[in-house]
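Read the structure below first, then the notes.
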Amino acid sequence: MKKTAIILLLAAATAAVFFYRADIFTKKGAIIKRTRFMMDTLCTIQVPNEAGVSKTEAAISRAFDRMAELDIKFNCTNPGSPLYKFNNARVPITDPEIVELVKRALEISRETGGAFDITVQPLVDLWGFFTTSASSQTVPSPQSIKLALSRTGWRRISVKNGAVIAADKDVRIDLGGIAKGYSIGEAVKVLKAAGVRSALILAGGQVQVFGSAAPGVPWKVGVRNPRKEGYIAGLAFDSETGISTSGDYERFFEVNGVRYHHILDPKTGYPARGLMSLSVITQDPVWADALSTALFVMGPQRALEFVKRQSGSEVIIVNAEGEIVTSQADKVR
Ligand code: ADP
Ligand code: MG
């Protein structure tokens, strides 16, 4: 993979809510941009208008429909999902697409020393980041965390004869740290099959691009400042690649000045410490999604070491002190 130049824009452009706005960078060429709310977040697809508005819109629509289909399938809170049936009634998962993604998630657990763990569901549930009631915004008791921890552990699920099975009755699966990346990858496939030659797909904190925004004009993406409006970095992508950001600012609450957020350390049962945000730049959107979560859990030092041992991945970290550290410090301008 070609190295992506990381350009730090320290006194960066101000943009409201979102970390990303291609339009502030892309000057040339009409781009068709459509947005849908899916996977609990805003999803946007942008395609340069090469094939005409109706054809381009039809392709975008098809990609969104595929993402919507996956949103239902991979949502463990949806009673129709095989994940729900597995979590609540121990029904083995045989849906090939889910089985494959679970397999991949288990490989990533192994590679990341358990930092990435799709069995964190009892902890996610306990911390209540996905419920809106005020009562859920409290720090769980150490005993309840201990109990939830005793119900987690990726080694307690396995894939046998094409089915995901549980080793015991308490284990539950949450694909929240990987499903979005898979869904983005599927959207890319649908767009390409429809003849689209370049696009940018955004879902929450993750972006994937292929082709260019206009002839000779790369897609450009900004990395959001985790504490205020604006960006900490701008990236120009000149090859098929993506960026996934995990941050402590997406879902969180504060108690006595301490921030509790939705990325949980499967070893402690508490939100991971040491970082405000971490962005992984790499080609495979599934890997980008899972790795940003895993590296966030590992903390700044181990995350940098991990990425330096890899080829084809870069990382941009905002540590707990608000300092920006990247895996290619020599390239920072
Ligand atoms: P987001 O979904 O907000 O973009 P991430 O990709 O970092 O954020 O994924 C966080 C989600 O993944 C959590 O909401 C939770 O469902 C799940 N999760 C939390 N901690 C872990 C972990 N250590 N390993 C795997 N999944 C996790
Ligand atoms: Mg992730």
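Data table
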{"read-out": "Net +/- balance of residues flanking Ser150 in space, Cβ distance below 15 Å, scoring K and R +1, D and E -1", "value": "+3"}
{"read-out": "Neighbour-limited loop hits for GluC sites (Glu not before Pro), region 268-333 (at most 13 other Cβ within 10 Å; DSSP other than H, G, I, E, B)", "value": "Glu321, Glu323"}
{"read-out": "Size descriptor, Kirkwood hydrodynamic radius, that averages inverse alpha-carbon separations across region 276-324, Å", "value": "10.6"}
{"read-out": "Protein accessible area in the chain, 1.4 Å probe - carbon and sulfur %", "value": "53"}
{"read-out": "Charge dipole magnitude, Cβ of K and R +1, D and E -1 - region 94-166, Cα centre, debye nearest 20", "value": "320"}
{"read-out": "Semi-axis lengths (Å, descending) of the ellipsoid that matches the C-alpha gyration tensor of region 120-273", "value": "35, 23, 11"}
{"read-out": "Degrees between helix 179-193 axis and first principal axis of the chain (Cα, 0 to 90, nearest 10)", "value": "40"}
{"read-out": "Per-pair calculated FRET efficiency, R0 = 22 Å: Glu250 and Arg34 via Cβ, rounded to 0.05", "value": "0.45"}
{"read-out": "Sparse-neighbourhood loop sites, trypsin sites (Lys or Arg not before Pro) in region 135-242 - DSSP loop, at most 10 other Cβ within 10 angstrom", "value": "Lys169, Lys228"}
{"read-out": "With all protein chains modelled, accessible area of Met39 [1.4 Å, Å²]", "value": "40"}
{"read-out": "Pair-distance profile P(r), taking every C-alpha pair of region 94-166, with 10 angstrom steps and integer %", "value": "19, 39, 30, 12, 0"}
{"read-out": "In sequence order, calculated HN-Hα J values of region 46-53 (Karplus, 6.51, -1.76, 1.60; Hz; x Gly/Pro)", "value": "10, 9, x, 6, 9, 9, x, 4"}
{"read-out": "Distance between modelled label sites at Glu100 and Lys169, nm, 7 Å Cα→Cβ extension", "value": "3.5"}
{"read-out": "Stretch gain in nm, segment Gln328-Ser54, where the contour uses 0.36 nm per residue and the Cα spacing is subtracted", "value": "94.5 nm"}
{"read-out": "Fluctuation leader among Gly269, Gly162, Gly181 - the chain, Gaussian network, Cα springs under 10 angstrom", "value": "Gly162"}
{"read-out": "Å² per residue, accessible surface of the chain at 1.4 Å", "value": "44"}
{"read-out": "Highest-fluctuation residue, Gln46, Gln121, Gln310 considered, GNM on the chain with Cα pairs under 10 Å", "value": "Gln310"}
{"read-out": "Solvent-accessible surface ranking, highest first, for Val53, Val124 at 1.4 angstrom", "value": "Val53, Val124"}
{"read-out": "Accessible area of Lys103 in the full protein assembly, 1.4 Å probe (Å², nearest 10)", "value": "90"}
{"read-out": "Per-pair calculated FRET efficiency, R0 = 45 Å: Gln301 and Ala68 via Cβ, rounded to 0.05", "value": "0.70"}
{"read-out": "Of Thr112, Thr94, Thr293, the one that fluctuates the most in a GNM where the chain has Cα springs shorter than 10 Å", "value": "Thr94"}
{"read-out": "With all protein chains modelled, accessible area of Ser144 [1.4 Å, Å²]", "value": "30"}
{"read-out": "With 20 Å bins from 0: P(r) over the chain, alpha-carbon pairs, percent", "value": "32, 59, 10"}
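The values are calculated or read from the model by the stated rules, or taken from the named source; none is laboratory data. Computed from a predicted model, the values in this text were never measured in an experiment. Reconstructed Cβ throughout: ideal geometry from the backbone, glycine too, with neighbour counts over all protein chains shown. What goes into the accessible areas is simple: the full protein's heavy atoms, side chains included, and nothing from ligands, DNA or RNA. Shrake-Rupley method; radii C 1.70, N 1.55, O 1.52, S 1.80 Å.
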